[in-house]
Amino acid sequence: MDESELILRLVAEFGYPPKGAQLVAQKLVNCTPQIKDAFEKFWQNGEMPLFEVEGYTFSRLADEHGMKPMAAFLTLDWLIREPKRAKASLRKGHDVAGKRMAI
């Protein structure tokens, strides 16, 4: 995975600002092997990962938590690296347009 190519595509196709794209690209390049492999398949042909990490899947994060693809991949990576902290954060919920949304 080439970080500079990731940045260009994140900006052009996904609407990331350049600095945000750089940060996301750095995190994606440094993901755990399982997430990196799944991300590369998604990046090349749009294939969604089917595995589960700590009870969460890519689809669940996208559907129930409203995450965009890059956020879902990075969250799955976080669930592998720091499962207790990641799960606690997901259970707390997140703000959506100023309202607290339970997750």
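Which of the residues belonging to segment 35-64 are surrounded by 12 or more Cβ atoms within 10 Å (Cβ to Cβ), touching a Ser or Thr at 6+ places or on another chain (Cβ under 8 Å) and not aromatic (F, W, Y)?
Those that are surrounded by 12 or more Cβ atoms within 10 Å (Cβ to Cβ), touching a Ser or Thr at 6+ places or on another chain (Cβ under 8 Å) and not aromatic (F, W, Y): M48, P49, L61.
If a residue must be open to solvent by less than 60 Å² (accessible area, probe 1.4 Å), in contact with a helix residue (DSSP H, G or I) (Cβ under 7 Å, 6 or more places away or on another chain) and either modelled with pLDDT under 95 or closer than 15 Å to P69 by Cβ (or both), how many such residues does segment 12-34 contain?
Final tally of qualifying residues: 6.
Would you pick out the residues in segment 77-95 that are surrounded by 10 or more Cβ atoms within 10 Å (Cβ to Cβ) and at pLDDT below 70?
Going residue by residue through segment 77-95, those that are surrounded by 10 or more Cβ atoms within 10 Å (Cβ to Cβ) are 77-83, 85-90, 92-94.
H94 - this is the single residue of segment 77-95 that is surrounded by 10 or more Cβ atoms within 10 Å (Cβ to Cβ) and at pLDDT below 70.
The values are calculated or read from the model by the stated rules, or taken from the named source; none is laboratory data. If you're wondering where the values come from, they're calculated on a predicted model, not measured in any experiment. Glycine also receives a Cβ, built like all others from the backbone with ideal geometry; neighbour counts cover every protein chain displayed. For accessibility, only protein heavy atoms count, side chains too; no ligands or nucleic acids. Shrake-Rupley method; radii C 1.70, N 1.55, O 1.52, S 1.80 Å.
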